[in-house]
Amino acid sequence: MGAVVGTLTMQTKQRRPSRDKADDDLEMTMVCHRPEGLDQLEAQTNFSKRELQVLYRGFKNECPSGVVNEDTFKQIYSQFFPHGDASTYAHYLFNAFDTGHTGSIKFEDFVTALSILLRGSVTEKLQWTFNLYDINRDGYINKEEMTDIVRAIYDMMGKYTYPALKNDAPKQHVDAFFQKMDKNRDGVVTLDEFILSCQEDENIMRSLQLFENVI
């Protein structure tokens, strides 16, 4: 997602730097889906009104209709991984953004998730990540779900990774994941187990801070 965020902000910075609220409200009426007002989104997220304006113009530049369907989302996301197949991982990511299960992502969906990933608390970020991995939404991560996610990530990174990945790398990754996180050895990882294990891992905690100052 860092690549997507960076691209959106680069595109918007090339546009006019200053516009007032009336201009933005008028602009919002000219798309198929009209987002919630800036004041309401500012109250619901960790972004300032100015940051929301920047994000909105980037979003509308990519999605003039005001909504993103899954095919469009895959096309946008796949641009950042030309050496691999990002379609499966983009599918899982799209479902995580589409919290209402409507089959499309509105600006509100996008900016709410981005607020968590960039400016949320550690717990909020980990909860969002857990929901991404919990494919069937039953409140647990099982080995099958984690294997699907890991394979999707490996497919996305492509065959040009270094060092070259072995065929059994996804299984080894998943086994190591469960060895660390399945505290009670019942074959599934709960949200509490996931959060606790991540908080104990310095590498994971550092990765959560990577994009905090993107915008």
(message) Here's a check for you: in the stretch 37-55, which residue that is assigned to a helix (DSSP H, G or I) and of a type in the set (A, V, I, L, M, F, W, C) is surrounded by the fewest Cβ atoms within 10 Å (Cβ to Cβ)?
(response) 43
(request) List every residue pair whose Cβ atoms sit under 9 Å apart, with the two residues 6 or more apart in sequence or on different chains, where the first one lies in the stretch 181-193 and is exposed (fewer than 10 other Cβ atoms within 10 Å of the Cβ) and the second, anywhere, is part of a helix (DSSP H, G or I). (result) 184/193; 185/178
(request) Note down all Cβ pairs under 6 Å where the first residue falls in the stretch 134-146 and is touching a residue at least 24 places away in the same chain (Cβ under 8 Å), the second is part of a loop (DSSP other than H, G, I, E, B), and they're at least six residues apart or on different chains. (result) 141/134
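Values in this text are rule-based calculations from the coordinates and carry no lab data. Bear in mind that the values here come from a model prediction, so they are computed numbers and not experimental data. Don't worry about glycine lacking a Cβ; one is built from the backbone with ideal geometry, like all the others, and counts go over all protein chains shown.
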